[in-house]
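Engineer: Just dropping this structure here.
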Amino acid sequence: MLIKAAPKTLRWQRSKYSPLARQIDIFAAAGKFMFFLWWDGLLQNNSPHTRRIRAHWLVNTLLNLGPTFIKIGQSLSTRADLLPLEYVKELEQLQDRVPQFSSEEAIALVESELGKDIYALYRDFDPLPIAAASLGQVHKARLHTGEDVIVKVQRPGLESLFNLDVKAVRQVMRFCDRYLPGTRKYGLESIYHEFFKILYQEIDYVQEGKNSDRFSHNFREYPQVIVPKVYWQYTTKKVLTLEYAPGIKVDDRISLEAIGVDIVKLNQLGICCYLKQLLIDGFFQADPHPGNLAVTEDGSLIFYDFGMMAEVKSLAKDQMVKTFFAVLRKDTDEVLNTLITMGLVEPMPDMMPVRRLIAFLLDKFIDKPIDFQAFNEIKNELYIMFEQQPFRLPAEMMFIVKSVTTLDGIARTLDPNYNFIASAQPFVKSLAVSKGRGNAIGELARQARSFITYKLRQPSKSQVFIKRLEQRIEEGELQIRVRNIESERALKRINLALKTLIFACLAGFAVLSGAVLLVGGYQTGAIVAFAVSGFGGLFLLRSLLHLLVREKLDRMVEK
């Protein structure tokens, strides 16, 4: 499919773009979007039409901000379970709306990098790109030896734009750290460094080619996983020549079903591929959005982009192995312990709400589709999660979590009845019969055999019910605990109401004082008093909004 040229030059495509202008653009975009959300919430205007307008504006803004922010939008486009449908549909268009650059620029860059005329390098070279992405575009070509290839050409000026983004986003981090102290617990600084480290690796096509060869070697015994061959004699840091391997976009369910692809087996293949990458190889594709995955007519999976790859440290891999099999066993305590060890959960004085939430998720959603109405059963725990926010995202885990959640979103798009345990079964079976070559695979094989033994000795439903009842009694989940939570909510509402009353008194007193001073001819004093009343009014409005939000949350929990 040909990409239509953008009607105008986007801001990030300008040849002269100062760091100050970049910072202003980023701050202005973030501030405007936050204002839109606040205003819609204030007016309770959250209709599908309004969300569609906001989503359309967000996509255009991300396009204007350029490759770094387009990458973020592409990741969000797969999370239909987290974002409203209107946002998902608009963000999906990001991959098709990234503007191409001229064929003259592309050919000039290829000739400059490879040192020869374009037709001395390739027998045929299509000047029109078959796809345009945030970091470059792809042209179809044919070698003089007859092989069909694609030539990936980096977008001109990309590295200089990244240099601007590093500085601009750094300023955003400093602003958050200084004026939004609540963000410090999320470790934004380390996430920032990790994100840009991988982005800079992604614009080095020689490194991408090496990643592709390593990935291909890891899956050499898996015929259903296809990795396009790298032609190294036609590859440099800014030009990458690969084998032409066409396929159907992985999230195009209608087209896949039309050619007879088994969706359930495709999900199994995708999940098992990523479990192998994470738990065995320790080397995984960190950006598995639908544009980087395709499917052949026989149901094989094609991996396209190896620029954004990451490695799993041995400690994290060991903990993920334990977490994976603890999830399969529905072992709440083991899952919680490994999440704490990996830094994804911060220990709290009372871990009972987190433990109950994990137990609920394991019981309800591991082997069945997600039903959001079921969350009403743990509304008290969700309320405490909202208050205490114990979950974290360490920098070293950021791309692991991103990859897993993105792949999970694709799987649920393909199959509403997607079942993680069923999809992972081939992987577990292959481990159970493994001879255990190497320490890592040996440990995985032992864990797999232990899990199969557990399944064979699994207690009956009545035994599970009695054990769960005993556990709930031991954990003190009695009526008095619920009443204590309700009392805490009431006290917090009273505290907010008192603050609101104080701000109202302050604003009213300042207005009266200003009026008296104005009548008495003290204009300067009156201006000061009115200014104080204005600030008091702002704090009053803020306090009222907090009180309204608190009351709404409490009503939702009490229903």
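The values are calculated or read from the model by the stated rules, or taken from the named source; none is laboratory data. For clarity, every value in this text was computed on a predicted model and none was experimentally measured. Don't worry about glycine lacking a Cβ; one is built from the backbone with ideal geometry, like all the others, and counts go over all protein chains shown. With ligands, DNA and RNA removed, areas are computed over all heavy atoms of the protein, side chains included. Shrake-Rupley method; radii C 1.70, N 1.55, O 1.52, S 1.80 Å.
Engineer: Given (1) in contact (Cβ under 8 Å) with a residue 40 or more places away in the chain; (2) closer than 20 Å to Y231 by Cα, identify the lone condition not met by P156.
Structural biologist: With (1) in contact (Cβ under 8 Å) with a residue 40 or more places away in the chain; (2) closer than 20 Å to Y231 by Cα applied to P156, the lone miss is (2).
Engineer: Among the residues of the stretch 278-285, is any assigned to a strand (DSSP E or B) and crowded, with 20+ Cβ neighbours inside 10 Å?
Structural biologist: Scanning the stretch 278-285 turns up at least one residue that is assigned to a strand (DSSP E or B) and crowded, with 20+ Cβ neighbours inside 10 Å.
Engineer: Here's another thing I want to ask about it. Go through the stretch 146-165 residue by residue and tally those that are out of contact with any Leu (no Cβ under 9 Å at 6 or more places or on another chain) and not hydroxyl-bearing (S, T, Y).
Structural biologist: Qualifying residue count for the region: 8.
Engineer: Follow-up question, since we're still on this one. Do you know which residues across the stretch 218-244 are among the β-branched types (V, I, T) and either in a loop (DSSP other than H, G, I, E, B) or in contact (Cβ under 8 Å) with a residue 60 or more places away in the chain (or both)?
Structural biologist: Within the stretch 218-244, V225, I226, V227, T235, T236, V239, T241 qualify.
Engineer: Then there is this: Hey, any hits in the stretch 309-321 for a residue that's at pLDDT 80 or above and not small (G, A, S)?
Structural biologist: yes
Engineer: V433 - would you say it is at pLDDT below 75, in contact with a Leu (Cβ under 7 Å, 6 or more places away or on another chain), open to solvent by 40 Å² or more (accessible area, probe 1.4 Å) and within 25 Å of L279 (Cβ to Cβ)?
Structural biologist: Criteria not met by V433.
Engineer: Name the residue that is surrounded by the most Cβ atoms within 10 Å (Cβ to Cβ), counting only residues in the stretch 245-265 that are under 29 Å from the mean Cα position of the chain (by Cα) and assigned to a loop (DSSP other than H, G, I, E, B). Spell out the reasoning first.
Structural biologist: Applying the first criterion (under 29 Å from the mean Cα position of the chain (by Cα)) to the stretch 245-265 yields 245-257, 261-265.
With the extra rule that they be assigned to a loop (DSSP other than H, G, I, E, B), the set shrinks to 245-247, 250-252, 261-262.
Working: A245: 18, P246: 11, G247: 16, V250: 24, D251: 20, D252: 17, V261: 20, D262: 12.
Checked the stretch 245-265; the qualifying residue surrounded by the most Cβ atoms within 10 Å (Cβ to Cβ) is V250.
Engineer: Quick one: in the stretch 137-180, which of the residues that are of a type in the set (V, I, T) and farther than 17 Å from R22 by Cβ is most open to solvent (accessible area, probe 1.4 Å)?
Structural biologist: Among those that are of a type in the set (V, I, T) and farther than 17 Å from R22 by Cβ, it is T145.
Engineer: Could you count how many residues in the stretch 98-136 are farther than 23 Å from A294 by Cβ, open to solvent by 10 Å² or more (accessible area, probe 1.4 Å) and under 35 Å from the mean Cα position of the chain (by Cα)?
Structural biologist: Counting residues in the stretch 98-136 that are farther than 23 Å from A294 by Cβ, open to solvent by 10 Å² or more (accessible area, probe 1.4 Å) and under 35 Å from the mean Cα position of the chain (by Cα) gives 8.
Engineer: Now for a separate question. Would you check which residues across the stretch 286-303 are without any contact (Cβ under 8 Å) to a residue 60 or more places away in the chain and open to solvent by less than 30 Å² (accessible area, probe 1.4 Å) and list them?
Structural biologist: Residues satisfying the conditions are N292, A294, V295.
Engineer: Filter the stretch 196-223 down to the residues that are open to solvent by 90 Å² or more (accessible area, probe 1.4 Å) and more than 18 Å from D287 (Cβ to Cβ), then identify the one that is modelled with the highest pLDDT.
Structural biologist: H217
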